[in-house]
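**Q** My structure is below; once you've seen it, I'll send some questions.
Derivation of every value follows stated rules applied to the coordinates shown; laboratory data play no part. Predicted model only: the values in this text are computed from it and were never measured. Quick reminder, even Gly has a Cβ in these numbers, built from the backbone with ideal geometry, and neighbours come from all protein chains shown.
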Amino acid sequence: MPPAFKRVPAVEKCFAILDLLTKTDKHLGISDISRQLSLNKSTVFNMVYTLIELDVLEGLDDGKFGLGPRFYVLGNASGKRSELIQVAHPFLEKINQETKLSAFLGIRSDLKTVLIDKVDSAHDIKISSEIGMQMPVLAGAGIKAMLSLLSDQEIDRLLSTVTLKRYTPNTIIDLKRYKDEIKRVREEGLAFDREEYIEGMVAVGVPLRTKGRQIEAAIWAVGLKHQTSPEAVPNLNPLLKQIVEDINRRL
C-alpha cells in the first residue's frame with residue numbers, strides 16, 4: 001500500500017450501495033438505502049443518480065433502483081462472473097457447437113437489449129456484436145423474449161412511450177401486431193426475428209426466468225437466413241427449449 005494512500009469515503013459509500021443492492025431480494029429506494037446504510041439522503045441521491053448515468057444502476061418506475069446493464073457487462077469482464085453468466089455460458093457454447101450459429105445472452109434495459117455474453121467461435125461467419133453493445137429499441141428476438149416475461153399492463157406502458165421504427169421491409173411497426181407477437185412468445189416459449197432487424201439475418205430466442213433477480217434476460221441464436229431453416233438446423237427450436245429449461249432449473 002503506498003504510504004500516502006488515503007481511503008476515499010465517497011468510493012466506500014458507492015460500493016456500500018452496490019453491495020447492498022446485490023444482496024437484497026427486493027428493489028430499494030433512496031430512503032431505504034439511506035436508512036440501511038446510515039447515509040445522508042442527499043449523498044445517496046447524488047451517488048445513485050451518478051451510477052444511473054453510468055448505466056451501473058437502473059431507475060425503476062416505482063422510485064426504486066436495480067442493477068443496470070453495465071454492472072453485468074463488468075461482471076462478465078471480471079474473473080468472477082455473475083451467476084447468470086456462469087450458468088448460461090456453457091449453454092451458449094452448446095448452441096454454437098451444435099448449430100454453428102452465434103449464441104447470445106442479453107438483459108433488458110428499458111426497451112433495449114444489452115449483450116452481456118456471447119459465443120460465436122464455431123463458424124466462419126460471425127455476427128458483429130460485442131459484449132456491452134446495446135441493440136436499438138425493440139430490435140431483434142431478444143427483446144421480444146424478454147418482454148414476454150412482463151405483464152400485459154407493463155408491456156402496454158412501455159410500448160406507449162415509443163414509436164416502432166422500421167429497420168427492414170420485414171420490421172413490425174404495427175403496435176397491435178407487435179403485442180400479438182409478444183403474447184405468442186409467452187404461449188410458445190420462442191421468439192423469432194425474421195429479417196426484422198437486419199436483412200438476411202434470422203434469430204430465434206428464448207426468455208430466461210431469473211427467479212428474484214429483478215432482471216429480464218434471454219438467450220438467442222443468430223445466423224444467415226439459409227443457416228436457420230428447419231432443413232439446415234432441424235433441432236434448433238427443441239434445443240433452445242431444452243436449454244432454457246435447464247438454465248431456469250439451475251437459476
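**Q** Please report 7, 194, 35 as a ranked list, fewest other C-beta atoms within 10 angstrom at the top and most at the bottom.
**A** 7, 35, 194
**Q** Taking K and R as +1 and D and E as -1, what net charge do the other residues with C-beta under 10 Å from the C-beta of residue 137 add up to?
**A** Once positives and negatives cancel, what remains is +1.
**Q** Taking the range 131-195 on its own, what percent of its Cα-Cα pair distances exceed 13 Å?
**A** Tail of the P(r) past 13 Å holds 63 percent of the pairs.
**Q** Could I ask something else about it? Using Cα pairs closer than 8 Å and at least 6 residues apart in sequence, work out the relative contact order for the range 153-251, in percent.
**A** It comes to 20 percent, rounded to a whole number.
**Q** Answer with a single label: of (i) 7, 34, 40, 18, 2; (ii) 7, 25, 29, 23, 12, 4, 0; (iii) 7, 29, 32, 20, 9, 3, 0, which was calculated as P(r) over Cα pairs in 10 Å bins from 0, in percent from the structure in view?
**A** Matching entry in (i) 7, 34, 40, 18, 2; (ii) 7, 25, 29, 23, 12, 4, 0; (iii) 7, 29, 32, 20, 9, 3, 0: (iii).
**Q** To the nearest 10 degrees, how steeply does helix 9-23 sit against the main Cα axis of the chain, on a 0 to 90 scale?
**A** Helix 9-23 sits roughly 50 degrees off the main axis of the chain.
**Q** For the range 161-242, what is the Kirkwood estimate of the hydrodynamic radius, computed as the reciprocal of the mean inverse distance between distinct Cα atoms, to one decimal in Å?
**A** The Cα-based Kirkwood calculation yields 14.0 Å.
**Q** Would you mind ranking 196, 181, 93 by Cβ crowding within 10 Å, fewest neighbours first?
**A** 93, 181, 196
**Q** Suppose only helical runs count, i.e. DSSP H with n ≥ 4. What mean residue ellipticity at 222 nm does that imply for the chain under -39500 (n - 2.57) per run, divided by all residues and rounded to the nearest 500 deg cm²/dmol?
**A** -13000 deg cm²/dmol
**Q** Now, a different point. Let me understand the range 9-67 better: what is its radius of gyration from the alpha carbons, and its Dmax, in angstrom?
**A** 10.1, 30
**Q** Note the angle between two axes, namely the Cα long axis of helix 236-250 and the longest principal axis of the Cα atoms of the chain, as a number of degrees from 0 to 90, rounded to the nearest 10.
**A** With rounding to tens, the tilt is 30 degrees.
**Q** Compute the length gained on full extension between residue 134 and residue 110: take 0.36 nm times their separation in residues and subtract their Cα-Cα distance, giving the result in nm to one decimal.
**A** 7.5 nm
**Q** Let me ask something else. With 10 angstrom as the radius, rank 27, 226 by how many other C-beta atoms surround their C-beta, starting from the fewest.
**A** Lowest count first: 226, 27.
**Q** Stokes-Einstein diffusion coefficient for the range 1-104 at 10 °C in a medium of 1.306 mPa s, Rh from the Kirkwood formula over Cα pairs: what value in µm²/s?
**A** D = 100 µm²/s.
**Q** If one computes the Cα centroid of the range 169-188 and of the range 86-164, what distance in Å separates the two points?
**A** Result: 16 Å between the Cα centres.
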